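First the structure, in the form of structure tokens, and then the observations on it.
The values are calculated or read from the model by the stated rules, or taken from the named source; none is laboratory data. Keep in mind it's a predicted model, so treat the numbers as computed, not measured. Every residue, glycine among them, receives a Cβ derived from its backbone with ideal geometry; neighbour counts consider all protein chains shown. These area figures cover heavy atoms from the full protein model, side chains too; ligands, DNA and RNA do not enter into them. Shrake-Rupley method; radii C 1.70, N 1.55, O 1.52, S 1.80 Å.
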Amino acid sequence: MTSTQAEIDLSYSVSNEFFKLWLDENMHYTSASFFTGKESLEEAQIQKSRVLYEYAEMTPDKLVLDIGCGWGSNLLYHSTRGTKVAHGITLSTAQCDWANQKMNLPVTYAVKLQDFWKYQPDVKYDALQSIEMVDHVVSPEQANQGLAVDLYRNYFKRCWELAKPGAWFGFQAILRDRVPRTKKDLEDLKFTADVIFPGGLNPRLEELIMAIRPYWECVEMRTQRESYGKTTGEWLRRLRENEREIRKQWGDQVYVDYERYLDTCVRAFANHWSSDVQMKLRRCD
């Protein structure tokens, strides 16, 4: 993993209660899937989990691993679909604690504070899911050295090793696309990368397409740039609604930084600087 545990904790551990103020009620910190544009954020987040559930060809008896499971939001969705056993791994201490203590997951579910690259489960998985974790795999410096595709391929190889023959993989990633032209826009994107998510980099779609082979076959793919724009727009609205509480509890700088970050995200999706992709991948045996 390129992003260290310290960098992950910096990104996600301001305070669980801080994120609860502006995320949806189940603490999804990834793009929702708006199909009509009229859904609430909560409804669209459930739709996101349903897409990835179906992409993973899930049934209640399948054992699934959620790679980079965050606060356990997607695992909670599995519990509503009757999944009997599910595992999640994260490098965020605060997220792991929240998932285990606050999410009311079934006792047969396990969320572990675990580095993806060092994870050695006792069994292979019937299905995998990973939702916007791959942006922690390659650093900007490594991308500048031309290493991105090889490092993403290592990621997909590691996923292949964790899965049984015949496994399916519901995968979602934030994408970088066009490069903005103004100095302010470039500075805002750099701020988001350096301050909010240090050590990581969003992949380009073509890098992922090249990297999945020879380990996975892309059976289906959908992009959802507008959905992420709506998601971050709603996060920004809720953040601003709670400005007074955030400044009081966590200080002015936290509010200023996160407003700048979310405002940048809204502009990034509106202007095609960023996008989002969901893929249905089948293990190549």
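Structure notes:
- The smallest convex shape that holds all Cα atoms of the range 83-191, its convex hull, gives 148 Å³ per residue.
- Within the range 92-136: Cβ-based charge dipole about Cα centre, in debye rounded to nearest 20 (Lys, Arg +1; Asp, Glu -1): 140
- Over the range 34-94, the hull volume per residue, using the convex hull of the C-alpha atoms, is 89 Å³.
- Candidate cross-link partners of K20 among the lysines, defined by an alpha-carbon separation under 28 Å and a same-chain spacing of 8 or more, comprise K38, K48, K84, K102, K112, K190, K230, K248.
- Where M133, M221 fall by accessible area, highest first, once all protein chains stay in place (1.4 Å): M221, M133
- For the chain, size of Cβ-based charge dipole, Lys and Arg +1, Asp and Glu -1, in debye: 360
- Modelled FRET efficiency - R0 41 Å, F191 with D61, Cβ distances, 0.05 increments: 0.35
- Chain lengthening between T36 and R181 when straightened (0.36 nm per residue, less Cα-Cα): 49.1 nm
- The range 17-139: C-alpha gyration tensor shape, a/c 1.5 cut-off, then a/b vs b/c: rounded
- Kirkwood-based shape ratio for the range 162-278, expressed as Rg/Rh from alpha carbons: 1.06
- Within the accessible area of the chain, the carbon and sulfur atoms contribute 49%, probe 1.4 Å, all protein chains present.
- The range 152-222, relative contact order [Cα under 8 Å, separation at least 6], %: 54
- Among beta bridges identified by DSSP and lying wholly in the chain, the antiparallel ones come to about 45 percent.
- Rg ratio for the chain: its Cα radius of gyration over 2.2 N^0.38 Å, N being its residue count, equals 0.95.
- Accessible area per residue, Å², the chain with all protein chains present, probe 1.4 Å: 44
- A helix-only calculation puts the chain at -13500 deg cm²/dmol for mean residue ellipticity at 222 nm, using -39500 (n - 2.57) for each DSSP H run of at least four residues, averaged over all residues.
- Stretching the chain fully between R237 and E161 yields a gain of 23.2 nm (0.36 nm per residue, less the alpha carbon separation).
- In terms of packing, defined here as the mean over residues of other Cβ atoms within 10 angstrom, the peptides 203-216, 261-274, 115-128 line up highest first as 261-274, 203-216, 115-128.
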